[in-house]
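The structure appears right after this line, and notes come after that.
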Amino acid sequence: MTRMFMAACVLAMAIPAAAQTGKASLTLTTKPTPIGLGQNLFEVALRDASGRPIANAEVAIALLMPADPKTKHPEMKSEGKLNNVGKGRYNGIAMVTMAGEWHITVTATQNGKQLGQKTEKMTAVLTRPKPDTSRGK
């Protein structure tokens, strides 16, 4: 049975700036894209320096919305472990509940040793545009 990572957080459009450390490559994708309110799937592909998938690692995700002194909004943080779905792929679901900028950090470890870490900023939006269903009719 697959464990689900549920987090009370808001995310949406990925900003194409990311920092990565360690020898492993971590690629973060989301479904749907852009992320909107409700459940969103976070997927990580983990590969070694040669591009081979890394299996049996532990992959954790941390979501942080910094405090906003102007609005007196406190810092929000959520973290959890992603599910190992095989062939170097890991995933989990986060509940999106608030708009704003989030700092997403994904960390991969194996046998207590850090393989790599990646940080991205994502901006949450209140709603995603609805798909255009008028085409093809």
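Starting from the Cα of Lys87, draw a straight line to each of the aspartates and glutamates and keep only those under 19 Å, dropping any in the same chain fewer than 8 residues away. Leaving aside aspartates and glutamates fewer than 8 places away in the same chain, those within reach of Lys87 are Glu43, Asp48, Glu58. Inter-label distance, Glu75 to Lys31: 3.3 nm, where each label sits 7 Å from its Cα along the C-beta direction. Residues whose amide H falls under 5 Å from that of His73, counting only those 5 or more places apart or on a different chain, are Asp68, with hydrogens built in the peptide plane. Exposure proxy for Leu115, Leu64, Leu46, Leu126: other Cβ atoms within 10 Å of each Cβ, ordered fewest to most, give Leu126, Leu64, Leu115, Leu46. Listed by Cβ neighbour count within 10 Å, with the fewest neighbours leading, Ser78, Ser50 appear as Ser50, Ser78. Ordered by the count of other Cβ atoms within 10 Å of each Cβ, fewest first, Arg52, Arg89 give Arg52, Arg89.
Values quoted throughout were computed directly from the atomic coordinates according to the rules given, and no laboratory measurement underlies them. Nothing here was measured: the structure is a model prediction, and the numbers come from that model. No Cβ is skipped: glycine too gets one built from the backbone with ideal geometry, and neighbour counts run over all protein chains shown.
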